[in-house]
Amino acid sequence: MKGRKIFMWLAAVVLLTASCSDSDYLNAIPEGCTALVSVDMAQTVGTNQSDGQTNPLARLLRVDELKDCGIDLASKLYFFEAPDGMLGMAAKVDSQKRLAQWLEGMSDNGMATKLTERRGFEFCVLRDSWVVGFSESAMLVMGPVAANAQAALVQQVATYLAQNEEQGIKGTPMFAKLDSIGSSVALVAQAQALPEKFVAPFTLGAPKEADASQVLIAAEMTVDEGCLNIQGETFSFNKRIDAALRQAQRIFRPIRGDYAASMAEGSLLGVFMNVRGADFLTLLQQNKGIMALLTGINTAIDMDNILRSVDGDMSVTVPVLGDKFDITMAARLAQREWLKDVDYWKRSCPSGGRIIDTGKDSFCYTDGQTTFHFGVTADNQFFAGSTAQLASAAIGKAQQPLPDVVRKQLVGQKLVAVIRLSAIDNEVARTVIGILEPLFGPLTTVIYSLKGGE
């Protein structure tokens, strides 16, 4: 009887050890990641896992196939943004020997450098810009990085590969949140991981003293006709900030879609909502990023008073990504009492600034650096823009509006951000699109919607 108990105890230890080793590769993901994405390969790629046309790992590495590559293609892939902003990917190693042979074959074909050893791990550089390091349990791919910075990145990857469970991502609240999302592709990211001009909509409702590292987004992803739909929630591990974010979400009402056709197909970003202005203004006044944008205008125009008059759909669009921050705004108003104050605004403009009439109930403020056109229509629609053309287009139908499939997905949601991928042209964007398209097919648009908008 005693021997049987010992046997059962030993069997339990073996099973426990085996189950733990299955996730050892997660220890290589740095604890301080600002963004983390999990991809369930079995669900997204299916049975044809080695096909370079459909596998995100093959697409990232720019190889034709992954047959006998030594990577466990049935386990989840994890994409992350490291604390220093470098992009990375972690995969489970099935056979270190076969992985080394596979990479040596790529080296023979001129696609990678020869394998070298650093601190007990093996390394190479793929396609001149991606550092690959691997152990018996984990493979990390990080980059893109210039040749003169590759040696430093090799050292960093070696540090990550040497991490234990206490040093990696597995025991963190971020990983626990990601693991709780029931989706084949899931995301948890700090707002600070987003491009600077995209952060503001995701931090609405956070207390003024909160920074973008304390506000996080958790989301599941699906695709429909070239649109990557991200159903997300904004939250914080700080209980006070989290409570404020959840309270703020109640301010957003179902979108009617009044301005869905106003965003041009070639525009970069559009944010759509339906709010009562007085409630929404409270959120804006707590948001440092948005208030910084409004500071210059607010010295001459009482935008707070204009926003208080909003009651209905509102949209803000950014036509292009560049040094000059062009913007348009449209909103349904409950009243237009602020028009009575325009004469006072004209008289009290700061030195160098002036407000001129440009039409019936339409105006232009300029101070030599900032130009802001704004006005209200007879049916109480507010319009504004950094140029006269953008301002008038804010409430009209664009010559080439967003596709129907995009516009339809706005209606009934609470808060929606639309990002047109074709309007972004930089190395990071191309890398991200290169990872997403093997999962979802050709993509034109990212649509982020706040959960609970149905």
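Considering only protein heavy atoms, what per residue accessible area in square angstrom results for the stretch 338-379 with a 1.4 angstrom probe?
Dividing the accessible area of the stretch 338-379 by its residue count gives 59 Å².
Mind checking the stretch 319-404 for chymotrypsin sites (Phe, Trp or Tyr not before Pro) that DSSP puts in a loop (not H, G, I, E or B) and that have at most 15 other Cβ atoms within 10 Å?
F325
Determine the order of C69, C349 by accessible area, beginning with the largest, at a probe radius of 1.4 Å.
C349, C69
Run the accessible area of the stretch 97-179 with a 1.4 Å probe and give the carbon-and-sulfur part as a rounded percent.
Heavy-atom surface of the stretch 97-179 belonging to carbon and sulfur, 1.4 Å probe: 46 percent.
How many angstrom separate the Cα center of the stretch 344-383 from the Cα center of the stretch 131-186?
52
So what does K170 come to for accessible area, using a 1.4 Å probe and Å² rounded to 10?
40
Which ³J(HN,Hα) values in Hz, rounded to whole numbers, follow from the phi angles of the stretch 331-346 under the Karplus curve 6.51 cos²θ - 1.76 cosθ + 1.60, where θ = phi - 60° and Gly and Pro get x?
7, 7, 10, 7, 7, 10, 4, 5, 4, 5, 8, 4, 4, 5, 4, 4
What nm value, rounded to one decimal, do you get for the distance between T370 and K340 when each label is placed 7 Å out toward the C-beta?
With each label placed 7 Å out from Cα toward Cβ, I get 2.6 nm.
Convert each backbone phi in the stretch 221-238 into a coupling constant with the Karplus relation 6.51 cos²θ - 1.76 cosθ + 1.60 (shift: θ = phi - 60°), then list the ³J(HN,Hα) values in order as whole Hz, x for Gly and Pro.
Values, residue by residue: 10, 9, 9, 8, 6, x, 9, 7, 8, 10, 8, x, 9, 9, 8, 8, 7, 7 Hz.
Sorting M111, M41 by accessible area (1.4 Å probe), largest first, what list results?
Heavy-atom accessible area, descending, gives M111, M41.
Loop-only trypsin sites (Lys or Arg not before Pro) in the stretch 194-246, please: DSSP not H, G, I, E or B, and at most 14 other Cβ atoms within 10 Å.
Here the trypsin sites (Lys or Arg not before Pro) that fit, given the DSSP loop and packing criteria, are K208.
Taking the Cβ-Cβ separation of R276 and T222 as r and a Förster radius of 35 Å, what is the calculated FRET efficiency to the nearest 0.05?
0.65
Put +1 on the Cβ of every Lys and Arg and -1 on every Asp and Glu Cβ in the stretch 76-208; which of A100, T172, P144 then has its Cα farthest towards the positive end of the dipole?
The one lying farthest along the dipole's positive direction is T172.
Could you compute how much accessible surface F235 exposes when probed at 1.4 Å, giving the result in Å² to the nearest 10?
10
Work from the charge dipole of the stretch 195-288 (Cβ charges, +1 for Lys and Arg, -1 for Asp and Glu, about the Cα centre) and give the residue of A212, V223, A264 farthest towards its positive end.
Highest projection toward the positive end goes to A212.
Report, to the nearest whole %, how much of the accessible area of the stretch 308-393 belongs to carbon and sulfur atoms, 1.4 Å probe, protein only.
49
About the Cα centre of the stretch 141-283, what is the dipole size in debye to 20, counting +1 per Lys and Arg Cβ and -1 per Asp and Glu Cβ, all else neutral?
480
Counting only heavy atoms of protein chains, what accessible area per residue, in Å², does the stretch 109-225 have with a probe of 1.4 Å?
Computed with neighbouring chains in place, this is 45 Å² per residue.
Over the heavy atoms of L245, what accessible area does a 1.4 Å probe trace out, to the nearest 10 Å²?
0
May I ask you to list the GluC sites (Glu not before Pro) in the stretch 225-283 that are in a DSSP loop and have at most 16 other Cβ atoms within 10 Å of their Cβ?
Passing both the DSSP loop test and the Cβ count: E225, E265.
For the full complex of protein chains and a 1.4 angstrom probe, list E104, E136 by accessible area with the highest value first.
E136, E104
Once phi is turned into θ = phi - 60°, what whole-Hz ³J(HN,Hα) does the Karplus curve with 6.51, -1.76 and 1.60 give for every residue of the stretch 100-109, x standing for Gly and Pro?
4, 5, 5, 5, 5, x, 5, 5, 4, 8
Restricting the calculation to Cα positions, tell me the Rg (one decimal) and the Dmax (whole number) of the stretch 206-251 in Å.
My reading of the Cα-based Rg and Dmax gives 13.0, 40 Å.
Report the per residue volume, in Å³, of the convex hull enclosing the C-alpha atoms of the stretch 218-287.
Considering the Cα atoms of the stretch 218-287, their hull volume per residue is 133 Å³.
From the cross-link list K67/K170; K114/K170; K239/K414; K346/K397; K208/K451; K92/K239, which pairs have alpha carbons spaced over 25 Å apart?
Checking Cα-Cα distances, K67/K170; K114/K170; K346/K397; K92/K239 exceed 25 Å.
Taking amide H atoms as placed 1.01 Å from N in the peptide plane, list the residues 5 or more away in sequence, or in a different chain, whose amide H sits under 5 Å from that of L443.
Placed amide hydrogens put nothing under 5 Å from L443.
Using +1 on the beta carbon of Lys and Arg, -1 on that of Asp and Glu, and nothing else charged, what's the dipole of the stretch 299-369 about the Cα centre, debye to 20?
That gives the stretch 299-369 a dipole magnitude of about 160 debye.
The values are calculated or read from the model by the stated rules, or taken from the named source; none is laboratory data. Not measured: the values here are computed from a predicted model. Ideal geometry is used to build each Cβ from the backbone, glycine not excepted, and the neighbour counts take in all protein chains shown. When the accessible area is computed, the model is the full protein with side chains, heavy atoms only, and any ligands, DNA or RNA have been set aside. Shrake-Rupley method; radii C 1.70, N 1.55, O 1.52, S 1.80 Å.
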